[in-house]
Amino acid sequence: MNELAKQIVDNIIQNKEIYNAEIFNLDNGSTLLDMTKASWIGGKLVGEICMGGLGTVEFSFYNLDGHYIPSVNVYTSEPIISCMASQLAGWNVKLKKEVEKEGQMKKKVIFQSLGSGPARAKSKVEKIFEELDYTDDSNCAVIVFETPKLPNEEVMDIVANKCRVDPNNTYAVCAPTACLTGSIQVAARIVETGIHKLHEIKFPIDIINDGFGTTTIAPIAKDDLGAMGRTNDSISAAGLTYYTINVEKDKEEELFELLKKAPANTSHSYGKPFLETFKAANYNFYDIDKGLFAPAKYTITNIKTGNSLTVGKVNHELLKQSYGLD
């Protein structure tokens, strides 16, 4: 996947003026792609980098009770590898330094961001990789940081060392949430978010063959906190997912029953725009039910029997509140 993602990275670098990308070459040889001001296609390509080059992101539109909202269609025939081994933002990359404060030496966080992208499959520092049968033998590493702060040489050295590649073959693609790229690449996580929730409820994700998802691209917010709220609401209030599975008929009923626990509206934290829920939890993620982070609706088809089930609901009122639309 890193080699596939590197092909997309090279495309951005070669066409940086077209995609409105800023490229920085650090002293240790690593390369940063700042996509803060990137074009629509630039944002699409970031979404595909997140999926390790094994997923496709295309633009469409969504009719939100008369409001014309851009949307994404995302699909992959390698859903577990592209989503769980790459797109999931699961690698907590942190750089600390000792600084003197009031006469004492204390450690200060210089950089911290959850990393996504195929570099995760090289580092395998997360527990999830104990369950995934995938090995990436690429000699390069591509990581995506959802942050306004660009990583420095020391951060990129951490990534290179954990991925066991040379720093000059290490690439970081960066953008904050509150920009066009941020809105696009979070929306492009619709299929991954659905699979991650299935994994959380102990649904056997290894039986998933294909994934397809659609959701709105959130209007750009004034800051990252607001953008985090809107992008989460795009998925939980309007996110639509479709998966095919392959399982014997005698196990189908049990799995279809389990699927009913997956949609966002099954969470006890569901019902208000995410920012209101976050504020009520004193801005503590751990006080929010993890079950909220899921698509609005799921449809699953068992290709062994031809049977399908749809669960969940779309919530336009919640989404309009989140977006500030009448």
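Just so it is clear, none of the values below were taken in a lab; they were calculated from the coordinates. As the structure is a computational prediction, the values presented were derived from the model and not from experiment. Positions of Cβ are generated from backbone atoms using ideal geometry, with glycine treated the same way; all protein chains shown enter the neighbour counts.
Annotation: of all residues in segment 123-139 being without any contact (Cβ under 8 Å) to a residue 60 or more places away in the chain and among the acidic types (Asp, Glu), the one that is surrounded by the most Cβ atoms within 10 Å (Cβ to Cβ) is GLU126. Residues being in contact with an Asp or Glu (Cβ under 6 Å, 6 or more places away or on another chain) and within 20 Å of THR215 (Cβ to Cβ) are represented in segment 307-317 by at least one member.
Identification of helices (runs of 4 or more DSSP H) wholly contained in segment 1-63 with 1 or more residues that are polar (S, T, N, Q) yields 2-14. Restricting attention to segment 218-264, the residues that are surrounded by 22 or more Cβ atoms within 10 Å (Cβ to Cβ), within 18 Å of ALA188 (Cα to Cα) and of a type in the set (A, V, I, L, M) add up to 8. Of all residues in segment 252-271, which are in a helix (DSSP H, G or I), closer than 20 Å to THR301 by Cα and within 23 Å of the chain's Cα centre (by Cα)? The answer is LEU259, ALA264.
Checking each residue in segment 281-315 for being of a type in the set (Phe, Trp, Tyr) and within 15 Å of GLY229 (Cα to Cα) picks out TYR283, PHE285, PHE293. Filtering segment 288-321 to residues that are out of contact with any strand residue (DSSP E or B) (no Cβ under 6 Å at 6 or more places or on another chain) and β-branched (Val, Ile, Thr) leaves ILE288, THR305, VAL314. In segment 72-108, how many residues are part of a loop (DSSP other than H, G, I, E, B) and either surrounded by 15 or more Cβ atoms within 10 Å (Cβ to Cβ) or of a type in the set (Lys, Arg) (or both)? The qualifying residues number 4. Evaluation of PHE111 against the conditions (1) surrounded by 11 or more Cβ atoms within 10 Å (Cβ to Cβ); (2) without any contact (Cβ under 8 Å) to a residue 24 or more places away in the chain shows that the sole unmet condition is (2). Total residues in segment 277-326 satisfying the condition of being charged (D, E, K, R) and assigned to a loop (DSSP other than H, G, I, E, B): the figure is 4.
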